[in-house]
Amino acid sequence: MIAYKEIYQLKRVDNSDFPAIKELFWKVFKKKVSLKYLQNKYNTSYTGVNYICSIAYCDDIPVAFYGAVPQKFKTHTEEIYVAHACDSYTLPNHQRKGLHNALAKFAYEIMKAHDMKYVYAFHSANTYRSTKKLGWKEHEHLQRFHVKVNTLPIGKVLNKLRWTNLYDVFFKQNVSQEAIDKLTSEHTEKFRIKFNKDFIAYKNSFKSHYCVEIEGCVFWLKIQAIIHVGMFYAPSAEAFQKAIKKLKRKAFFLGITELLFQVDQHSVMATQLQTVTEPKESWLVGYLDFDPKIDLKEFIFTYSDLDTF
């Protein structure tokens with residue numbers, strides 16, 4: 001724990017801080033989030049590193065939080081740690097006091113101590129502005145592809161009612177090793193998220209995800225009003241087109257109005273998606289490197305890398 005401007009205490013988050021983080025989330029956004037969700041999202045012990053976040057207290061009252069999660073990226077020969085910056089919020093009365101930057105720099109020292117090569121984010125307008133002051137760099141934009149399904153929007157109603165567990169009846173959560181092998185078979189010379197049983201179990205601890213296999217293709221997805229595809233594998237563009245038609249048919253009967261893909265513009269996924277629909281510009285990938293040898297052109301990012309996926 002360190003003092004900041006004499007009235008604040010900055011510390012590395014541990015498990016005892018999550019009730020405070022939950023309270024802070026409510027005060028800033030007026031939205032409820034469960035304690036279990038926060039604890040599971042930030043419990044990254046499966047990577048070998050836990051809690052690279054920082055929190056600020058003022059007289060034992062939580063006033064600001066900087067959230068990030070460690071991730072493992074790998075090629076066929078090498079494995080490294082990176083950090084994914086996600087949540088950041090400060091109580092209105094404590095804004096414009098430099099707390100965000102102080103907490104970020106405090107968290108960066110934790111990341112460096114664990115040999116993380118860089119910290120990155122899929123930028124919103126807010127994170128883009130806030131990271132400029134911290135010396136972040138710009139990589140490239142992801143591409144998003146929208147595949148529309150003309151059906152009654154039952155999925156949106158189920159999402160509002162929080163009845164999304166109904167999809168467990170229609171989709172399987174288990175991802176076979178064969179499916180994992182297919183999903184990780186491309187771009188092995190580049191760094192990609194280490195997608196394995198541990199990563200899947202971690203993601204399923206705070207959101208339900210499904211594995212769909214059609215026409216030799218594999219889709220790893222979540223359903224939140226619409227179908228969000230985290231990553232997919234297709235042996236060919238033709239197989240992909242056939243699989244999309246069948247996935248759209250399933251979505252039609254379930255009242256799901258859209259399939260959304262967010263992919264790296266240099267990926268095989270982007271090339272195959274372009275045979276189905278036109279791409280649109282998505283998030284800008286921003287980063288701050290701790291290792292000058294790191295080149296983000298050697299990385300392939302996917303929608304499933306996102307902290308909330």
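The values are calculated or read from the model by the stated rules, or taken from the named source; none is laboratory data. A quick note: this is a predicted structure, and the numbers were derived from the prediction, not measured. Remember, those area values only see protein heavy atoms, side chains included, never the ligands or the DNA or RNA. Shrake-Rupley method; radii C 1.70, N 1.55, O 1.52, S 1.80 Å.
Observations
- GNM top mover of ALA125, ALA237, ALA251 - the chain, alpha-carbon springs below 10 Å: ALA125
- Of the solvent-accessible surface of the chain, computed with a 1.4 Å probe and all protein chains present, 51% belongs to carbon and sulfur.
- 17 Å Cα-Cα reach of LYS280 towards lysines, excluding residues that sit fewer than 8 places from it in its own chain: LYS148
- Backbone phi angles across the stretch 55-70, fed through the Karplus curve with coefficients 6.51, -1.76 and 1.60 (θ = phi - 60°), yield HN-Hα couplings of 9, 10, 10, 10, 6, 6, 9, x, 10, 7, 9, 10, x, 7, 10, x Hz in residue order; Gly and Pro are listed as x.
- The heavy atoms of MET116 offer some 10 square angstrom of accessible surface to a 1.4 angstrom probe.
- Residues TRP283, TRP163, TRP136, TRP220, ordered by accessible area of protein heavy atoms at a 1.4 angstrom probe radius and largest first, appear as TRP163, TRP283, TRP136, TRP220.
- Considering every alpha-carbon pair of the stretch 182-242, the percent of pairs per 5 Å bin, from zero through the bin containing the longest distance, is 4, 16, 24, 25, 19, 10, 2, 0.
- Taking each of LYS72/LYS182; LYS160/LYS222; LYS36/LYS190; LYS41/LYS132 in turn, the alpha-carbon distance tops 24 angstrom for LYS36/LYS190; LYS41/LYS132.
- Mean projected area in nm² (Cα convex hull; one quarter of hull surface) for the stretch 1-131: 8.4 nm²
- Summarising the strand pairing of the chain, around 90 percent of its internal DSSP beta bridges are antiparallel.
- Area accessible to solvent at HIS123, 1.4 Å probe radius, in Å²: 20 Å²
- Within straight-line reach of LYS5, meaning a Cα separation under 18 Å, sit the following lysines at least 8 residues removed in sequence or on another chain: LYS97, LYS105.
- The chain: DSSP helices with Cα axial extent of at least 27 Å and average Kyte-Doolittle hydropathy no lower than -1.0: none
- Area of VAL212 that stays accessible when all protein chains are in place (1.4 Å probe, Å², to 10): 10 Å²
- Heavy-atom SASA rank of LYS32, LYS194, LYS11, LYS137 (probe 1.4 Å, accessible area, largest first): LYS32, LYS137, LYS194, LYS11
- Debye log10 I(q)/I(0) at q = 0.12 Å⁻¹ for the chain, Cα point scatterers: -0.85
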